[in-house]
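Here is the structure we will look at.
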Amino acid sequence: MSSHQAHGSGSATTSATVLDRLSPSGRLLGLDVARGVALFAMMITHIFALSDEASLPTGAAIFAGRASALFAVLAGCSLVLSTRTRLQTSGRLRDAAPGVLIRAAAIVLIGLCLGSISGLLAVILVNYGVMFALALFFLRLRARALFVLAGAWMVLSPVVSMIVRAEFGLEPGYLPMSWFDLATPVSMLTDLFLTGYYPILQWLSYILLGIAVAKIDISRHLMALLVSGLGLFVLGRGASWLLLNVAGGYGALVENSQRLGIDLFAALFTGSYGVTSASSWWWLAIAGPHSGTPFDLLSTAGTALMTIAVCQAAAVLLGRRSWVLGPLSAPGSMPLSVYSAHVIFLEITRAAIVGDPTEGTGTAAEQSTEFAIHALTFVLIPLVWKLFVNVRGPLEAGIAAVIRSASPAPSTAPGSPGSPTPRRPGSGV
């Protein structure tokens with residue numbers, strides 16, 4: 001073989017390796033792309049002001065509540081994809097449970113560390129870890145049952161939350177979970193499940209929806225996901241509008257909010273702190289970001305389904321050229337690492353650009369500069385890491401290594417005719 005041929009062969013091999021790392025065959029790349037969308041949308045809500053000087057919502061408010069909901073639905077998808085091989089091999093949930101619990105514990109520990117150092121964000125990881133552990137009880141359910149259960153959970157869990165919070169006089173919590181909360185376990189559990197920024201009682205519905213989505217052939221049901229998502233969005237926002245503007249809810253909330261000193265405009269357009277006030281049942285009629293009402297959950301679940309459908313459709317249409325989605329799919333394939341780094345990096349950039357993080361988000365120019373830094377950082381570093389170091393992010397790879405060492409692969413289930421048919425690799429953390 002001539003040196004020219006050898007060089008050409010080597011270049012082709014290198015190109016194939018690059019393509020395989022950015023667009024691996026059989027992987028649900030659309031889920032990675034959707035995670036990338038969720039990550040950068042969350043960065044927008046973390047960096048840009050959600051309202052202007054006139055108290056009107058800015059463009060960033062479009063992503064408020066929707067980015068984190070998408071992230072949560074995708075977390076449910078990851079749970080199924082990361083346990084699929086073990087469940088197929090043995091057919092026993094107890095063989096998949098150790099890996100799920102190890103992953104959940106690791107996420108909780110990372111979340112407690114980030115919550116202890118972050119003064120700017122309500123870190124969601126502790127809530128995710130607990131929800132991962134709870135999701136084990138639902139992991140064996142079929143997709144149809146899970147879709148029904150997720151929908152019912154979105155409608156009923158806010159009602160249960162309202163009853164419990166009203167009965168015991170519980171107020172919303174405004175601080176992220178940290179190691180210091182372990183000193184007050186009752187208060188910590190109350191915030192985690194009922195009064196925190198991401199109350200598990202309501203947010204578990206997103207995880208259930210994500211589990212259901214991952215149990216169907218997503219690529220074959222893209223139109224169904226898109227139409228279902230649009231239907232949920234219209235139902236959530238439309239029913240809320242009717243209750244507030246036709247049934248008289250808005251007037252009742254104006255009176256209630258003025259009496260109690262609640263910012264109604266913020267609750268409707270820029271965000272609550274996870275739950276609404278329990279002072280009136282009319283609060284459950286709003287669909288504002290992070291309000292935890294049935295209409296908030298339904299509408300944000302709808303946008304999550306639509307985003308997943310669009311992202312997977314893009315990956316399918318591009319085929320082997322889906323490597324062009326790398327700026328989104330690379331960070332989306334390592335969400336835990338990128339999210340954790342963003343939380344820490346935000347403290348650094350806010351101090352460097354704004355000067356004093358406690359002063360707020362800074363001017364429009366400062367916000368744009370800060371976001372540009374974050375966007376470039378968390379596109380370039382994941383791309384370089386994935387191409388030259390590991391297809392998994394550092395935290396994802398570390399957790400996977402612990403799971404492999406602590407929970408050996410199970411043997412084939414008794415009575416099965418042999419090893420299961422290979423399936424597509426998971427897109428999970």
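Assorted remarks:
- All positions within segment 309-347 that are touching a Pro at 6+ places or on another chain (Cβ under 6 Å) and of a type in the set (Gly, Ala, Ser): ALA330, SER337
- Test: residue in segment 310-321 that is surrounded by fewer than 23 Cβ atoms within 10 Å (Cβ to Cβ), among the β-branched types (Val, Ile, Thr) and on the phi < 0 side of the Ramachandran plot: yes
- For segment 75-123, the candidate set comprises residues that are among the charged types (D, E, K, R) and within 27 Å of LEU189 (Cβ to Cβ); within that set, the residue that is nearest to the chain's Cα centre (by Cα) is ARG103.
- Subset of segment 18-69 that is charged (D, E, K, R), under 30 Å from ASP263 (Cβ atoms) and part of a loop (DSSP other than H, G, I, E, B) - its residue that is modelled with the highest pLDDT: ASP52
- ALA341 at pLDDT 85 or above and under 16 Å from ARG21 (Cβ atoms): no
- Residue list for segment 255-278, filter: in a loop (DSSP other than H, G, I, E, B) and hydrophobic (A, V, I, L, M, F, W, C): ILE262, VAL275, ALA278
- Restricting segment 279-321 to residues that are assigned to a loop (DSSP other than H, G, I, E, B) and aliphatic (A, V, I, L, M), the residue that is farthest from ALA166 (Cα to Cα): ALA287
- Residue check for GLY271: touching a residue at least 60 places away in the same chain (Cβ under 8 Å), more than 17 Å from GLY169 (Cα to Cα) and either surrounded by 16 or more Cβ atoms within 10 Å (Cβ to Cβ) or more than 26 Å from the chain's Cα centre (by Cα) (or both): yes
To keep it simple, each residue is scored yes or no on (1) modelled with pLDDT of 95 or more; (2) of a type in the set (Lys, Arg); (3) crowded, with 16+ Cβ neighbours inside 10 Å.
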| position | (1), (2), (3) |
| --- | --- |
| VAL324 | no, no, no |
| VAL354 | no, no, yes |
| GLN367 | no, no, yes |
| LEU380 | yes, no, no |
| VAL389 | no, no, no |
| PRO394 | yes, no, no |
| PRO420 | no, no, yes |
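The values are calculated or read from the model by the stated rules, or taken from the named source; none is laboratory data. All of these numbers come straight from a predicted model, not from anything done at the bench. Glycine also receives a Cβ, built like all others from the backbone with ideal geometry; neighbour counts cover every protein chain displayed.
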